[in-house]
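Colleague: Shown below is the structure under consideration.
The values are calculated or read from the model by the stated rules, or taken from the named source; none is laboratory data. Computed from a predicted structure; not experimentally measured. Cβ placement follows ideal geometry from the backbone for every residue including glycine, while neighbour counts extend to all protein chains displayed. With ligands, DNA and RNA removed, areas are computed over all heavy atoms of the protein, side chains included. Shrake-Rupley method; radii C 1.70, N 1.55, O 1.52, S 1.80 Å.
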Amino acid sequence: MEVIGKSVIRKEAWDKVSGRARYTNDFQSVGMLSAQMVISPYGHAKIAGIDTSKAWQVPGVRAILSGKRYPLTGEAIRDRPPIAVDKVRYHGEPVAVVVADTPSQAKTAADLINVKYELLPVVNSPTQAFQKGAPLVHEHLGEYKKEEDSLPVPGTNIATHIKIRKGDMEQGWAESETVVEASFSFAPSDHAAMETRCATAEIQPDGTIIIMTSSQAPFMVKRLLADYFDEDMGKIIVHTPLVGGAYGGKAAVQLEVLAYLASKELGGKPVKLFNTREEDILTSPCHIGLDATVKLGADRNGKIKAAEIRYLWDGGAYSDKAIDVTRSGTVDCTGPYNIANVWCDSYCMYTNHPYAAPFRGFSHSELSFAIERTMDLLAQKLNIDPLQLRYLNAIMPGDTTPTRVRLTKSNVGDLRKCIEKLRELIQWDEGPIKVINDRFIRVKGVSCSWKTSTIDPNAPSGAILTFNRDGSINLMSGVVEIGTGTKTILAQILAEKLKMDVDKVHVRMEVDTQTTPEHWKTVASRGTYMAGRAVLEAAEDVIRQLKEVAACVLRAPEEDLEVGGSRVFLRDDPVIGLHFKDICYGYKYPNGNTIGGQIIGRGNFVLRHLTGLDPETGEGKPGPEWTPAAYGVEIELDRRDYTYRLVKACTVLDIGRVMNQKAAEGQVMGAMSMGLAFAGRETFYFDDLGRVLNPQLRTYRPLRYGENPEYVVGFVETPQLDSPYGARGAGEHGLMGMPGALGNALSLAAGVQLNHLPLIPELIWRAKEAKHHASL
Amino acid sequence: MALQQITLHVNGEDHNLTVRSADTLLFVLREKLGLTGSKPGCLNGDCGACTVNVDGWPMKSCLMLAIEAVGKQVTTIEGLHNTPIQQAFVEEFAFQCGYCTPGFIMNCHSLIEQHPDADGQTIKEWLESNICRCTSYIEIEKAVKSVLRKD
Ligand code: FES
Ligand code: FES
């Protein structure tokens, strides 16, 4: 391999270090108006009246949108008014949008809008939402339009219920000598991408709708706008430049709708809506919360025989993507273990919390916390080394998943190898506990994960290649550059296939839905696999066309030709050949006659053999492959005040093939950093009115420089045979095991079971106190 | 609100501008001068994405009014060209989405100017004012250490 695996510098690197890289909010045209939302200050309240009269008096105000019934929006269930009417269901929900000439005028006017609220009882957790007689978030749940596989239960707060019924539970429990059961919970939190969400909209006189948005799903924006508002899909053009971090949070479609409505109100004038940090945290979709109960049974050797699981996902006020997240969490509900008998009830619950978007790992870091903590409880009870217990039960080729997909080496990789490598990298055999002195203790915790991607069975990805006259190639793909470097990897795939210099591949970073071939959504660590396959097909297409022309000019059969170094040449005599530049726009004979013509390569890819899930048993094939991983976290706990320091975090994942060494390490380390922050400190603090008390980066605290531990990344390479060069998804996996491993380390260090997130010193103290009082 | 005529000295050039007294330096750089390299991340001093260099020191441009920058030398990311710290960020993969990058680089650049032999503790004190949500900071640490004077 010449290019694959190398730390090729990212194509947009110099733009990003010089300030030239442009994100949605960096595009501003003369005459573009500014929109400002007015948001609900309460979790659940009736809107008793909206007075906009004072706001209208502010100079520069052009429109105020409020109190109007627009078509309902929402992906899985159409349950969300773009601007609240009748009542608000979460803190941060838009109740009005003001458009003015400048941001400060819009803000001034927005502050003058007087909304009268009458408080309603708040549903403040999914467990509360699940109780009989709980206040209803949606009274008319039965009347909404919905996707076929969304299964809301009218008269309750259940947005959907997904079941796994695998094997025979009675037999499973009968074979189990040791049983453990525990409950876990954590509140919603945030993605906190450094770029807050932004969308602009403009409607031209001929009806063309031009949107620009910081989105992972520009093609979805196009589809949904057409669907929601009955617009002509061909007249919607969505532009997405570079995106400043997304992590799943920008897969949801929200601000685009508001910007579109605002522009429409103004006869199509260009309007920009840019989230402040507070709005980005409150109003735009957040990271899902979870209440979970897990029961595992094992025989005397530690073989797990039965698993009964209940997940209550905190989907928040609207079901949008939370239903998909719930489904995804259900199909891999057991974690990466081979369990013959599985019973899982997974509910997407409505609450009066900000609603959920996907979050890096798409439900897997969340369920992993519950499963991996329970695994440690089981190991303790069985008196087996926790890593050994995981090794023993590790999912393997030939096993089946909870939805009964039969696994192969190619689609599940090698978890045991990951565990073995982890064992070495974290020196597990030294033992998990090192007492430093009376005060400090160093402890290691471990965990494992797996993940498939439950994306639409017919999700497409396409690629187009065009040439420049110097023989260099332009690569167009609908993958959004959200920071993962996927577009550089696509260039590497192309360069490797054509055996050419990667510098001669030019990648178009911006996506526009009119001229870029569709890539479903830039989510689920699927860019390299799906877009990579499309690029490979496009490369084949180009090779075929180049050879066709060259064969004629060189008077040689196509089978005798090779492509390499931007040339087509004779395999047995490479000196005889033609440079791309001489044939990519047709070959011109000395007398002017030309054959061939402009070469355009095209490729596409669609996943194969995916199905929906059986509503009663969950049986079905939800995704193409699973990436397994093993994790270790070492902490140093101060036993005096329960503060702790992150010493080391390690991830070993079966990546199939490392495509770009430094980029891959960066993805895994960055994901670990996010996972540790989620596990250790990030959460929304809600008050009784369902208000989020910490919607700022000084009270909601991602890791900062120097708070990070030492990171260790290990790769196992079991190729996924149908993926370009064998690569598996890797963008999310570093995150998924962090909550479990950190929870296990701290529980062991503190000598109490820590089953809630975030793992802050106060939580440890409370658990210690509770244990102390219980023993009195 | 009253408008004012001011002259700002940015990246080595003088600019005559009409601004509101309440306009932040960040707003004016981006909206009036088109220098969109400095990013809004919180408008509150919490994230550092808007960091520029004012008279040699890092400054969060969302916390400074444009009128306060009169008479000072302002350097934004657009004012750096092929500096060693930019080179180091590229080579060490010290960014992913790149949104925090201009702010981080301006902070690092100022650090290198003020403390060419900064130790780990000083680096931490300076850089913990910026947030990067994508990377693990290890890459940024490597980049900045590779440029600081080695002893
Ligand atoms: S935008 Fe200035 S510190 Fe965040
Ligand atoms: S590179 Fe994305 S926030 Fe730093």
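Colleague: Taking segment A:225-247 only, how many residues are part of a loop (DSSP other than H, G, I, E, B) and within 16 Å of ligand 2 (Cβ to nearest atom)?
Modeller: Of the residues in segment A:225-247, 6 are part of a loop (DSSP other than H, G, I, E, B) and within 16 Å of ligand 2 (Cβ to nearest atom).
Colleague: When you check A:LEU763 against the structure, is it closer than 30 Å to A:LYS434 by Cβ, part of a helix (DSSP H, G or I) and within 14 Å of chain B (Cβ to nearest Cβ), yes or no?
Modeller: Spelling it out, it is not the case that A:LEU763 is closer than 30 Å to A:LYS434 by Cβ, part of a helix (DSSP H, G or I) and within 14 Å of chain B (Cβ to nearest Cβ).
Colleague: In addition: Does A:LEU697 satisfy being at pLDDT below 95 and either within 28 Å of A:LYS497 (Cβ to Cβ) or in a loop (DSSP other than H, G, I, E, B) (or both)?
Modeller: Answer is no for this residue.
Colleague: Within the bounds of segment A:662-669, is there any residue that is of a type in the set (S, T, N, Q), part of a loop (DSSP other than H, G, I, E, B), at the interface with another protein chain (Cβ under 9 Å from one of its Cβ atoms) and open to solvent by 10 Å² or more (accessible area, probe 1.4 Å)?
Modeller: no
Colleague: Moving on. What is the number of the single condition among (1) of a type outside the set (Asp, Glu); (2) closer than 27 Å to A:GLY297 by Cα; (3) open to solvent by 60 Å² or more (accessible area, probe 1.4 Å); (4) under 27 Å from the mean Cα position of the chain (by Cα) that A:GLY167 does not meet?
Modeller: Single failed check for A:GLY167: (4).
Colleague: So, of the residues in segment A:700-743 that are assigned to a strand (DSSP E or B) and within 14 Å of another protein chain (Cβ to nearest Cβ), which turns out to be surrounded by the fewest Cβ atoms within 10 Å (Cβ to Cβ)?
Modeller: This residue is A:GLU710.
Colleague: Hey, A:SER53 hits all of (1) away from chain B (no Cβ under 12 Å); (2) in contact (Cβ under 8 Å) with a residue 12 or more places away in the chain; (3) not β-branched (Val, Ile, Thr) but one; which does it fall short on?
Modeller: For A:SER53, the exception is condition (2).
Colleague: While we're on this one: List pairs: first in segment B:135-150 and within 8 Å of B:ALA94 (Cα to Cα), second within 16 Å of ligand 1 (Cβ to nearest atom) and open to solvent by 10 Å² or more (accessible area, probe 1.4 Å), Cβ under 6 Å, 6+ apart or cross-chain?
Modeller: Pairs found: B:TYR137/A:TYR705.
Colleague: When you scan segment A:682-734, how many residues do you find that are basic (Lys, Arg) and touching a Phe, Trp or Tyr at 6+ places or on another chain (Cβ under 9 Å)?
Modeller: The qualifying residues number 3.
Colleague: Assess whether A:LEU312 counts as being buried (at least 24 other Cβ atoms within 10 Å of the Cβ) and modelled with pLDDT of 95 or more.
Modeller: yes
Colleague: Can you give me the number of residues within segment B:104-130 that are open to solvent by less than 10 Å² (accessible area, probe 1.4 Å) and within 16 Å of ligand 1 (Cβ to nearest atom)?
Modeller: Total meeting the criteria: 8.
Colleague: For segment B:131-140, check the following and say yes or no: at least one residue is more than 29 Å from A:VAL713 (Cα to Cα) and more than 16 Å from ligand 1 (Cβ to nearest atom).
Modeller: No, because not a single residue in segment B:131-140 is more than 29 Å from A:VAL713 (Cα to Cα) and more than 16 Å from ligand 1 (Cβ to nearest atom).
Colleague: A further question follows. Which of (1) away from every other protein chain (no Cβ under 14 Å); (2) without any contact (Cβ under 8 Å) to a residue 40 or more places away in the chain does B:THR36 not meet, given it meets every other one?
Modeller: That leaves (1) as the condition not met.
Colleague: To continue, here is another question. Just to check your reading of the model, which residue among A:LEU653, A:LEU676 is surrounded by 24 or more Cβ atoms within 10 Å (Cβ to Cβ) and within 10 Å of chain B (Cβ to nearest Cβ)?
Modeller: Of the residues listed, the single one that is surrounded by 24 or more Cβ atoms within 10 Å (Cβ to Cβ) and within 10 Å of chain B (Cβ to nearest Cβ) is A:LEU676.
Colleague: Residue by residue through segment A:679-692, note down the ones that are surrounded by fewer than 20 Cβ atoms within 10 Å (Cβ to Cβ) and touching a Ser or Thr at 6+ places or on another chain (Cβ under 9 Å).
Modeller: A:TYR685
Colleague: How many residues does segment A:225-247 hold that are touching a residue at least 40 places away in the same chain (Cβ under 8 Å) and buried (at least 22 other Cβ atoms within 10 Å of the Cβ)?
Modeller: Selection size over segment A:225-247: 9.
Colleague: Here is a follow-up. Could you list, in sequence order, the residues of segment B:38-50 that are under 15 Å from A:SER18 (Cβ atoms) and within 14 Å of ligand 2 (Cβ to nearest atom)?
Modeller: B:LYS39
Colleague: Then there is this: Would you mind stating whether A:GLN696 is within 9 Å of another protein chain (Cβ to nearest Cβ) and either within 21 Å of the chain's Cα centre (by Cα) or open to solvent by less than 10 Å² (accessible area, probe 1.4 Å) (or both)?
Modeller: No, not satisfied.
Colleague: So which residues in segment B:107-151 are more than 13 Å from chain A (Cβ to nearest Cβ) and either within 16 Å of ligand 2 (Cβ to nearest atom) or among the basic types (Lys, Arg) (or both)?
Modeller: Across segment B:107-151, the qualifying residues are B:ARG149, B:LYS150.
Colleague: Could you say which residue among B:THR76, B:THR101, B:THR51 is β-branched (Val, Ile, Thr), within 10 Å of ligand 1 (Cβ to nearest atom) and open to solvent by less than 10 Å² (accessible area, probe 1.4 Å)?
Modeller: The match here is B:THR51.
Colleague: Next up: If a residue counts only when it is of a type in the set (D, E, K, R), which strands (runs of 3 or more DSSP E) contained entirely in segment A:532-599 have at least 1 such residues?
Modeller: In segment A:532-599, A:561-564, A:567-570, A:573-579, A:585-588 are the strands (runs of 3 or more DSSP E) which contain 1 or more residues that are of a type in the set (D, E, K, R).
Colleague: Okay, moving on. Have a look at A:LYS222, A:LYS250, A:LYS272 and point out the one that is crowded, with 22+ Cβ neighbours inside 10 Å and within 16 Å of ligand 2 (Cβ to nearest atom).
Modeller: Going through A:LYS222, A:LYS250, A:LYS272 in turn, the sole match is A:LYS250.
Colleague: Here's another thing I want to ask about it. Does segment A:195-224 hold any residues that are farther than 12 Å from A:LYS250 by Cα and either charged (D, E, K, R) or not in a strand (DSSP E or B) (or both), and which are they?
Modeller: A:GLU202, A:GLN204, A:PRO205, A:ASP206, A:GLY207, A:THR208, A:PHE219, A:LYS222, A:ARG223, A:LEU224 - these are the residues of segment A:195-224 that are farther than 12 Å from A:LYS250 by Cα and either charged (D, E, K, R) or not in a strand (DSSP E or B) (or both).
Colleague: List the helices (runs of 4 or more DSSP H) that sit entirely inside segment A:1-117 and contain at least 3 residues that are open to solvent by 20 Å² or more (accessible area, probe 1.4 Å) and farther than 28 Å from B:THR51 by Cβ.
Modeller: Once the helices (runs of 4 or more DSSP H) in segment A:1-117 are filtered for at least 3 residues that are open to solvent by 20 Å² or more (accessible area, probe 1.4 Å) and farther than 28 Å from B:THR51 by Cβ, what remains is A:53-56.
Colleague: So A:LEU554 ticks every box in (1) more than 16 Å from ligand 2 (Cβ to nearest atom); (2) in contact with an Asp or Glu (Cβ under 7 Å, 6 or more places away or on another chain); (3) open to solvent by 10 Å² or more (accessible area, probe 1.4 Å) but one. Which box is left unticked?
Modeller: Among (1) more than 16 Å from ligand 2 (Cβ to nearest atom); (2) in contact with an Asp or Glu (Cβ under 7 Å, 6 or more places away or on another chain); (3) open to solvent by 10 Å² or more (accessible area, probe 1.4 Å), A:LEU554 violates only (2).
Colleague: Another question, then. B:THR83: polar (S, T, N, Q) and touching a Leu at 6+ places or on another chain (Cβ under 7 Å), yes or no?
Modeller: So B:THR83 does not fit the description; no.
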